[in-house]
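Novice: I am attaching a structure below and will ask some questions about it afterwards.
The values are calculated or read from the model by the stated rules, or taken from the named source; none is laboratory data. These figures come from a predicted structure and were not determined experimentally. Please note: Cβ atoms are built from the backbone with ideal geometry, for glycine as well, and neighbour counts cover all protein chains shown. In case anyone asks, the SASA skips ligands and DNA or RNA and just uses the protein heavy atoms, side chains included. Shrake-Rupley method; radii C 1.70, N 1.55, O 1.52, S 1.80 Å.
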Amino acid sequence: MEQKKTIALHELHGYLDNCLPDLPGVDSAPNGLQVEGKNKIAKIGTAVSASLETLQEAVKRGVDALIVHHGLFWFKDAFILKGAKKEKLSLLLKKEISLFAYHLPLDLHSEWGNNWRAARDMGWKELEPFYSLHGHCIGVKGLVDAASPQKMQKKLEKYYQHPATVALGGKKMIQRIGLISGGAYKMTSQAAEEGLDAFVTGNFDEPVWHTAFEEGIHFFSLGHAATERVGPRSLALHLHEKYGVPCEFLDLPNPF
C-alpha cells in the first residue's frame, strides 16, 4: 500500500509565516498558528472563516491543517471560552487539526491576496498599492478598458459570483478603479480623493450611498465573504502545487 505524502507542521508553519508575515500593532487579530494539531499533515484545507460549520466540514473531509482568513481569536475578544468558541476549540483539539489564520496578510499579498489576485484575474492593468494602513498598503488600484458602470457591474458580478449593491455616483465611463476586499466601504472617500472612477469592496452601510454621489465616484459592494474567497482559494492551489498534498478550498455559502 502506497504511503500518503505528508508535510511536517513546522515546515508548513514556517513557510506560511514567511510568506504572510504578521503586522504587529496594525492588525486586529493574531496571525499565524492559532491552534496546534498533529505533527504530520496529509491534507490541507483553506476557507474564509473559522466558523463551526467550516470546522465540521474540515473534519468530514479529513483535513489536518486549516488555513483561514478570519480566525478563532481577535484582540478585542473576551478571554472566556464558552458557547460556540468552546465548541470550535474542543473540535480542533479532539481531531488534532491545526488552525492557521492570516487576516490582513492575506488581503495584501501580491500573488495570492484577496485584492491583487482578483485585480489580475479581472485583467486590470498598471497595478499599484492602494490605501496605506500604518505603512502597509492593503488594497490595489489600476486601469481597466473604459467601461460603463453597468458593464463593470456585470463583470464584477461574474467574477465574484455574487450580486452587487451599487451607488453609481460617478462619471459615464470607468477607467481608474480601486479594490479593498471585505469591510472597507469607509475607504470610498479616499478612493475619490485619489481620482479613482470606481471603488470595489465587500460590504456597505447607509453613509456610502451619500458619499458616492457627493464625491462623484461609483461604489460596488460584492459581499464581504465573496470578495475574501479569492485569497484562500488561490492559496489552496499554490500549496497543492508546492507540496503535492491534497489541498481543498472549503467554499461554504455565506451571502453577506
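Novice: Any chance you could count how many residues in the stretch 126-157 are assigned to a strand (DSSP E or B) and closer than 20 Å to Lys172 by Cα?
Specialist: 7
Novice: Return the total of residues in the stretch 73-107 being open to solvent by 10 Å² or more (accessible area, probe 1.4 Å) and either hydroxyl-bearing (Ser, Thr, Tyr) or part of a loop (DSSP other than H, G, I, E, B) (or both).
Specialist: 13
Novice: Related question: Take the residues in the stretch 187-224 that are polar (S, T, N, Q) and in contact with a strand residue (DSSP E or B) (Cβ under 7 Å, 6 or more places away or on another chain), then tell me which one is farthest from Leu156 (Cα to Cα).
Specialist: Only one residue fits best here, namely Gln190.
Novice: Could you count how many residues in the stretch 186-210 are open to solvent by less than 40 Å² (accessible area, probe 1.4 Å), without any contact (Cβ under 8 Å) to a residue 40 or more places away in the chain and in a helix (DSSP H, G or I)?
Specialist: 3
Novice: From Val63, Val68, grab the single residue that is open to solvent by less than 60 Å² (accessible area, probe 1.4 Å), among the β-branched types (Val, Ile, Thr) and part of a loop (DSSP other than H, G, I, E, B).
Specialist: Among Val63, Val68, only Val63 is open to solvent by less than 60 Å² (accessible area, probe 1.4 Å), among the β-branched types (Val, Ile, Thr) and part of a loop (DSSP other than H, G, I, E, B).
Novice: Of everything in the stretch 97-144, what is free of Cβ contacts under 8 Å to residues at least 40 places away in the same chain and among the basic types (Lys, Arg)? Give them in sequence order.
Specialist: Arg120, Lys125
Novice: Shifting gears a bit: Return yes when Ala225 is surrounded by 23 or more Cβ atoms within 10 Å (Cβ to Cβ), over 18 Å from Leu108 (Cα atoms) and not charged (D, E, K, R) and no when it is not.
Specialist: Judged against the criteria, Ala225 is not a match.
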